[in-house]
Amino acid sequence: MFVTAGRYDETGRVRVVYDAAENSPAERAGIQRGDVIVSVAGQPVTTRYEFIVQIVDRDAGDVVDVVYEREGVQRTVTVELVANPSNPDIGYIGLGTESTGYVRQSPIAAVGYGFADLGRTIVDSVSGVFVVLNPRNIVENVTSENPDPATRPTTVIGATQFGGDVGESEGLKGILMMLAFVNVFFGVFNMFPLLPFDGGHVAIATYERIRSRRGKTYHADASKMVPVAVAVTVLMAMLFLTGSYLDIVKPL
């Protein structure tokens, strides 16, 4: 997927993604949405962070040359910065920029990124399960007018809503990436060592193998785990109902 659709990463181009703020230095200089910022005060910028640093490290009244690209042609304008409305101690130009997007990778790089992202997703999935199952987070999300997207449970209802938003903004590649992450999450979740998950059956089989000695097979009494399986099932049902309620009443 990283080879064909690309991987969300730095593109090396700082794009202006919003119209310049009204009466801002950028508007007066004629910089428009869709332009690509090449350099500020002679310093090349390839990421949004680098561009922001070049602006906020200066004071109101400082004059800088900004080189930008429009329709393949580079242009240079001289801009006098003003005080930032939220912090008068730093410079302000009035541009909203972005430097990330889907970047196609070579097959070798794609394999490396694939394993790295898989490992990161597995770790995030495990930690995320404990965050979502925290009773305090569940109560706060149900009672709050603005549930925290990072701690609230969600269901196929919320996933469908989110998938629609992703499809509109990122297209098919965004949906494929989302499905890949969801698939990994469910795979990790299913391997938790509790019945009725597959991980519970694996845990029992592993325990039986450890207890088996000298050709004598040990068989664990799985019926003793029925109360655990029932408790897990009830917990999952409650989580599903809570997630459905939030997805319908307080959608993402």
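Among the residues of the range 72-93, those identified as touching a strand residue (DSSP E or B) at 6+ places or on another chain (Cβ under 9 Å), without any contact (Cβ under 8 Å) to a residue 40 or more places away in the chain and not β-branched (Val, Ile, Thr) are Gln74, Arg75, Ala83, Asn84, Pro85, Ser86, Asp89, Gly91. Evaluated against (1) more than 30 Å from Gly6 (Cβ to Cβ); (2) surrounded by 15 or more Cβ atoms within 10 Å (Cβ to Cβ); (3) under 30 Å from the mean Cα position of the chain (by Cα), Met225 falls short on exactly one condition, (3). Of all the residues in the range 225-239, those that are within 26 Å of Pro149 (Cβ to Cβ) and out of contact with any Pro (no Cβ under 8 Å at 6 or more places or on another chain) number 5.
To keep it simple, each residue is scored yes or no on (1) hydroxyl-bearing (Ser, Thr, Tyr); (2) farther than 21 Å from Met191 by Cα.
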site: Pro107; (1), (2): no, yes
site: Ala110; (1), (2): no, yes
site: Phe115; (1), (2): no, no
site: Val123; (1), (2): no, no
site: Leu133; (1), (2): no, no
site: Arg136; (1), (2): no, yes
site: Val139; (1), (2): no, yes
site: Thr143; (1), (2): yes, yes
site: Ile157; (1), (2): no, yes
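On the stretch given as the range 20-72, residues that are more than 21 Å from Ala83 (Cβ to Cβ), more than 25 Å from the chain's Cα centre (by Cα), surrounded by 14 or more Cβ atoms within 10 Å (Cβ to Cβ) and among the acidic types (Asp, Glu) total 2. Got at least one residue in the range 135-147 being surrounded by 11 or more Cβ atoms within 10 Å (Cβ to Cβ), in the same structural domain as Met191 (by TED's automatic domain parsing), not in a helix (DSSP H, G or I) and not acidic (Asp, Glu)? Yes, the conditions are met somewhere in the range 135-147. Remark: pairs (first residue in the range 101-124, aromatic (Phe, Trp, Tyr); second residue surrounded by fewer than 12 Cβ atoms within 10 Å (Cβ to Cβ); Cβ separation under 8 Å; 6+ apart in sequence or on different chains) are absent. In the range 148-188, the residue that is nearest to the chain's Cα centre (by Cα) out of those that are surrounded by fewer than 16 Cβ atoms within 10 Å (Cβ to Cβ) and under 19 Å from Val232 (Cα atoms) is Phe186. Within the range 209-245, the set of residues being over 23 Å from Pro135 (Cβ atoms) and among the hydroxyl-bearing types (Ser, Thr, Tyr) comprises Ser212, Thr217, Tyr218, Ser223. When residues in the range 191-222 are screened for being surrounded by 12 or more Cβ atoms within 10 Å (Cβ to Cβ) and out of contact with any helix residue (DSSP H, G or I) (no Cβ under 9 Å at 6 or more places or on another chain), 6 of them pass. In the same structural domain as Arg120 (by TED's automatic domain parsing), loosely packed, with under 11 Cβ neighbours inside 10 Å and farther than 26 Å from Arg7 by Cα - does that describe any residue in the range 230-239? Checked the range 230-239: at least one residue is in the same structural domain as Arg120 (by TED's automatic domain parsing), loosely packed, with under 11 Cβ neighbours inside 10 Å and farther than 26 Å from Arg7 by Cα.
The values are calculated or read from the model by the stated rules, or taken from the named source; none is laboratory data. Treat the numbers as computed from the prediction; the structure is a model and nothing was measured. FYI the Cβ positions are ideal-geometry reconstructions off the backbone, even for glycines, and counts take in every protein chain you see.
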